[in-house]
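Participant: This is the structure, below, for whatever I ask next.
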Amino acid sequence: MTRSRIYPQRPLLAASLAVFRDNRVLLAQRFVPPLENRFTLPGGLVEVGETLEQAALREMMEEVGVTSRILGFNRHVEVIERDAQDVVKHHYVIASFVGAWVAGEGVIGPEAQAVVWVDRNELLRLPVTDHLPPLLDAAWEIAEAHGVPC
């Protein structure tokens, strides 16, 4: 991780994507800070000249090898982590989208030590990020509204 992501001078803009396939959502288990060893949505930083949707789709492909299409915007998530001295160590603002699976099974990647497709019940048994359950509740509603079986 580069120094610019640790103790940043400003919040970092990122995008994530909840992709649905066969009544399941794709999650990746992080092995780098912040939120290491927890399952969450694949995502990452937005690059200059890239839209939020483009970033979400690119990160999904780069991190886990899955091609998808955007169904809609879900909501934003803020991840703020402080050190023992209460100084901000990580600060991300994440635009989270909902998508439908197009191709790819999901593979481990540069930041993911595990990739799983889970249904709503399986989600309850995983170590997930704090923001994930309410985020996915809303994502399931959006996917169902677009006719994607969830």
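None of the figures in this text is laboratory data; all of them are computed from the coordinates on show. Not measured: the values here are computed from a predicted model. Note that we place each Cβ from the backbone using ideal geometry, even for glycine, and neighbour counts take in every protein chain shown.
Participant: Of I80, I70, I108, which has the largest mean-square fluctuation in a 10 Å C-alpha GNM of the chain?
Facilitator: Sorting by GNM fluctuation, first place goes to I80.
Participant: Let me ask you something else. Tell me the label-point distance for the pair D83, F31, using the 7 Å Cα-to-Cβ offset, in nm and rounded to one decimal.
Facilitator: Distance between the two pseudo-spin positions: 2.5 nm.
Participant: Now for a different question. Determine the relative contact order of the range 3-143: mean sequence separation of Cα pairs under 8 Å and six or more apart, normalised by residue count, in whole percent. Before the final figure, lay out each step's value.
Facilitator: Details: 306 pairs, mean separation 45.9, N = 141.
Computed over the range 3-143, the figure is 33 percent.
Participant: Let me ask something additional. Expressed as an acute angle from 0 to 90° and rounded to the nearest 10, what is the orientation of the C-alpha long axis of helix 132-145 relative to the principal long axis of the chain?
Facilitator: For 132-145 against the chain, the angle is about 30 degrees.
Participant: Let me ask another. Cα axis of helix 52-64 to longest principal axis of the chain: angle in degrees, 0 to 90, nearest 10?
Facilitator: Tilt relative to the chain: about 80 degrees.
Participant: Further, regarding this structure: Before rounding to the nearest 500, sum -39500 (n - 2.57) across all DSSP H runs of length at least 4 in the chain and divide by the residue total; then give [θ] at 222 nm in deg cm²/dmol.
Facilitator: Details: 3 runs with 31 residues, N = 150.
Only helices count here, giving -6000 deg cm²/dmol.
Participant: In the chain, once you exclude exposed GluC sites (Glu not before Pro) (DSSP loop, at most 13 other Cβ within 10 angstrom), what's the longest stretch remaining?
Facilitator: Numbers: sites that count: E36, E47, E105.
So the longest stretch without any such site is 48-104.
Participant: Could I ask something else about it? Does the chain classify as rounded, prolate or oblate by the C-alpha gyration tensor (a ≥ b ≥ c root eigenvalues; a/c under 1.5 gives rounded; else a/b over b/c gives prolate, otherwise oblate)?
Facilitator: Details: a/c = 1.69, a/b = 1.50, b/c = 1.13.
Since a/c reaches 1.5 and a/b is larger than b/c, the shape of the chain is classed as prolate.
Participant: Related question: Simple spin-label model, 7 Å along Cα-to-Cβ: A114 to I70 in nm?
Facilitator: 3.1
Participant: At 7 Å along the Cα-to-beta-carbon direction for both E50 and R10, put a label point, then send me their distance in nm to one decimal.
Facilitator: Each label point lies 7 Å from its Cα, and together they span 1.8 nm.
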